[in-house]
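Let me begin by presenting the structure, written as structure tokens, before commenting on it.
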Amino acid sequence: MPTGKLIFSQITEWIHPEQFRRCVQRYEGNYRVRTFPCWDQFLAMAFAQLTYRDSLADIEVCLRSRPEQLYHMGFRSTIAHSTLAEANASRDWRIYSDLAQILIKKARRLYQGESLGAELEQTVYALDSTTIDLCLSLFPWARFRATKAAIKLHTLLDLRGSIPTMISISDGKQADMRVLDDLIPEPGAFYIMDRGYLDFQRLYRLALAGANFVTRTKAGVIFRRQESHPVDTATGVRSDQVVILGTKRSNGRYPDRLRRINYTDDETGKHLVFLTNNFDLPPLAIAHLYKCRWQVELFFKWVKQNLRIKHFFGTSDNAVRTQIWIAICVYVVVAIIRKELRLELGLSQIFQVLSVNVFEQIPLDQLVTQIRYQNVGPEICNQLMLKDF
């Protein structure tokens with residue numbers, strides 16, 4: 001008989017028990033709970049994320065098929081889909097949001113030395129949102145259109161390691177730019193955004209806080225040129241100008257100077273006009289920074305393919321938020337393990353390995369190393385963490 005801890009237990013051991021207890025205590029998650037405490041709820045939902053379960057009944061059947069191993073996985077209660085449904089609907093989702101922030105803080109420390117592909121010491125964030133469609137009859141609180149429901153997942157991604165540092169969940173109708181009101185600017189950092197976040201009053205608040213932003217302008221915005229700098233058109237940069245907003249209303253919202261860079265992508269032939277409050281970086285570096293924004297699109301694609309956030313196990317707002325935040329916790333825990341154990345597989349491969357080996361009793365690093373040498377070609381090791389799907 002094999003001895004040692006189950007793979008599932010080795011994963012969840014990366015969550016400090018005292019930190020989890022404090023999150024639960026902060027929101028009285030276990031108040032008047034006799035059976036099935038928050039830790040059991042978290043374990044069941046984390047198991048669903050790691051093994052790609054489709055429903056609460058699916059979770060129950062799979063876990064009950066291994067009764068002799070449930071204790072070693074950390075469960076201290078009987079697993080029933082009705083009990084899990086009630087926990088997801090009633091226990092405060094902020095328990096798992098706070099837990100995610102603790103894990104994110106640790107992950108960012110581990111990945112802070114990752115290369116950006118640009119010579120910058122400052123932190124670079126990409127801000128964007130993705131829409132998750134829902135059934136209107138099951139999720140009436142998330143009405144998006146007359147016949148459709150949806151929620152938005154707003155994410156601020158640290159581009160060193162692709163770690164989400166801020167996640168906000170809203171209804172599908174909320175304008176993207178409103179999430180800037182929840183943002184706490186980091187002086188000196190760069191915030192890369194598409195033109196959906198072009199709100200001059202909100203951008204000016206970023207500038208006043210000492211943060212840098214790079215975004216794109218929209219058609220119809222009027223500027224007055226103050227200076228023009230020479231550029232090398234062979235690089236794709238067509239112009240580099242210092243401008244101010246040309247109407248009284250817009251100038252009142254952003255009374256300072258802006259930098260406008262016209263750039264043509266030689267690969268696609270697409271013409272882009274960037275706006276930034278940074279006057280120090282070369283214009284081509286600004287264009288390359290904006291190109292890095294694509295990593296947040298890859299992040300959204302990755303989580304939708306590898307985590308259970310498109311099909312929900314409950315229909316209440318609390319259940320949806322609980323499932324999303326536990327999914328983020330699992331993602332960040334695996335990212336931490338990958339870095340701490342110096343695993344060379346990408347996250348997608350690690351999740352695939354874990355999904356079919358959670359009940360195995362073998363050291364985690366040994367399991368992943370065996371899989372790497374037996375089944376994965378050498379080119380996989382050089383792929384970026386999120387570009388391996």
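Where a number appears in this text, it was derived from the coordinates with a stated rule and is not lab data. Note that the coordinates shown come from a computational prediction; the quantities given were computed from them, not determined experimentally. With ideal geometry, Cβ positions are generated from the backbone for all residues, glycine too; neighbour counts draw on all protein chains shown.
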Charge-dipole axis of the chain as Lys and Arg at +1 and Asp and Glu at -1 on Cβ define it, positive-most pick from HIS288, MET73, GLY346:
HIS288
For q values of 0.13, 0.14, 0.15 Å⁻¹, compute log₁₀ I(q)/I(0) with the Debye formula on a Cα-only model of region 260-313, without solvent.
-0.49, -0.54, -0.58
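Using Cα-Cα distances under 8 Å and only pairs 6 or more residues apart, what relative contact order does the chain have, in percent? Walk me through the numbers on the way to the answer.
On the way: 622 pairs, mean separation 80.2, N = 389.
Reported as a whole number, the value is 21 percent.
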Computed from the mean reciprocal separation of all distinct C-alpha pairs, what Kirkwood hydrodynamic radius does region 31-143 have, in Å?
17.4 Å
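What per residue convex hull volume, in Å³, do the alpha-carbon atoms of region 195-292 yield? Each step should come with its number before you reach the end.
Details: hull volume 9.7 nm³, N = 98.
Once divided by residue count, the hull of region 195-292 is 99 Å³.
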How high is the relative contact order of region 107-213, in percent, counting Cα pairs under 8 Å that sit 6 or more residues apart?
26 percent
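Could you sort 332-343, 93-104 so that the peptide with the highest average Cβ count within 10 Å comes first and the rest follow in order?
Numbers: 332-343: 18.9, 93-104: 21.2.
Result, highest mean first: 93-104, 332-343.
Once you have the Cα-Cα distance between THR78 and LYS218, take 0.36 nm times their residue separation minus that, and quote the gain in nm to one decimal.
Numbers: separation 140, 0.36 × 140 = 50.40 nm, distance 5.62 nm.
In short, 44.8 nm is gained.
Between ASP232 and LYS291, how high is the FRET efficiency from 1/(1 + (r/R0)^6) when r is the Cβ-Cβ distance and R₀ = 25 Å? Nearest 0.05. Present the calculation step by step, with values, prior to reporting the outcome.
Details: r = 18 Å, r/R0 = 0.71.
In this case the efficiency is close to 0.90.
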Counting alpha carbon pairs within less than 8 Å and at least 6 residues apart, what relative contact order, in whole percent, applies to region 195-292?
27 percent
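Once the Cβ-Cβ distance between LYS310 and VAL242 is put in as r, and R0 is 30 Å, what FRET efficiency do you end up with, to the nearest 0.05? Don't skip to the end; give the middle numbers.
Working: r = 45 Å, r/R0 = 1.49.
Using R0 = 30 Å, I get an efficiency of 0.10.
With the cut-off at 16 Å, report for region 219-267 the share of all Cα pairs above it, as a whole percent.
Roughly 46 percent, once rounded to a whole number.
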How large is the direction-averaged shadow of the alpha-carbon convex hull of the chain, in nm²?
22.1 nm²
How far is helix 364-375 tilted, in degrees, relative to the longest principal axis of the Cα atoms in the chain, given as a value from 0 to 90 rounded to the nearest 10?
70 degrees
